[in-house]
Amino acid sequence: MMELPLVSLPDLPMATRKAPAKKAATKKAVKRTLDDVKDVTHAKPGRASKAAGVPIARIPEHLLLGPGDYPERKSYFDYDDSQKAGSVGGKRVHMVMPRSVTLHDYRRREDGLRHHRAMVTIPPKLRENIAKLFGFDDSEDAGSEVALTTAMVALADYAAASLIKDKTLLIVSSPEDEHAEDRKAARVAVRNLGMSKNGKIY
């Protein structure tokens, strides 16, 4: 069975470019699949750039965006879907995300505060499915919250670009819930407990 690497993919200038297959990665690389995604807030400072000395009001708008946000692009990340799923270290792998894959740290020009952010709920089933893409049965072993969120955004970006390209209609519906009333009562009880203990609900 064909084996896929989990790290050190080449930079892809365009989303449509197909990359050649690589040699098998080591078992150690499998463990690093998601955890190696760097948190941009903890990245080491690089060398001083020309933009560092420019007044904030004069910084070009494109420098405040991520490299995947340019209008001519079809997707935020670059993708190569030319290979079949394979196995690495005995684990079935459907997705590869090198440590260089991160989300841009968007900040407003006027006050330096972060924006383009949202409070996102990642259901256990989605966590489980994302972990399986990287060859893990348990989402707790798959990596940090930052890595899981980055993988989720990459999957959403890939799906959105694919639906647009293929002119496909995606219809989303909730599963039928035979315990809807009991589930609602349980949710209300837990919310009330949170309110009584914390004075507010997050």
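The values are calculated or read from the model by the stated rules, or taken from the named source; none is laboratory data. Owing to the predicted nature of the structure, the values given are computational and were not obtained by experimental measurement. Backbone-built Cβ (ideal geometry, glycine too); neighbour counts: all protein chains shown. Accessible surface areas use protein heavy atoms only, side chains included; no ligands, DNA or RNA. Shrake-Rupley method; radii C 1.70, N 1.55, O 1.52, S 1.80 Å.
Inspect the stretch 116-128 for any residue being touching a residue at least 24 places away in the same chain (Cβ under 8 Å), exposed (fewer than 14 other Cβ atoms within 10 Å of the Cβ) and not in a loop (DSSP other than H, G, I, E, B) and give the result as yes or no. Looking for residues that are touching a residue at least 24 places away in the same chain (Cβ under 8 Å), exposed (fewer than 14 other Cβ atoms within 10 Å of the Cβ) and not in a loop (DSSP other than H, G, I, E, B), one finds none in the stretch 116-128, hence no. All conditions in (1) within 26 Å of S75 (Cα to Cα); (2) in contact with a helix residue (DSSP H, G or I) (Cβ under 7 Å, 6 or more places away or on another chain); (3) free of Cβ contacts under 8 Å to residues at least 60 places away in the same chain hold for D177, with the sole exception of (1).
Open to solvent by less than 60 Å² (accessible area, probe 1.4 Å) and over 12 Å from the mean Cα position of the chain (by Cα): is that true of V93 in this structure? Walk me through it before giving the result.
Values: open to solvent by less than 60 Å² (accessible area, probe 1.4 Å): yes; over 12 Å from the mean Cα position of the chain (by Cα): yes.
Criteria met by V93.
For the stretch 140-160, does any single residue satisfy the condition of being under 22 Å from L65 (Cβ atoms) and over 12 Å from the mean Cα position of the chain (by Cα)? Yes, there is a match, as at least one residue in the stretch 140-160 is under 22 Å from L65 (Cβ atoms) and over 12 Å from the mean Cα position of the chain (by Cα). Contact map, the stretch 145-173: first residue open to solvent by 30 Å² or more (accessible area, probe 1.4 Å), second residue β-branched (V, I, T), Cβ cut-off under 8 Å, separation 6 or more or different chains; pairs are V146/V37; T149/V120; T149/I122; M152/V120; M152/I122; M152/I130; L155/I130; S162/T168. On inspection, R109 passes the criterion of being at pLDDT below 90, basic (K, R) and open to solvent by 60 Å² or more (accessible area, probe 1.4 Å).
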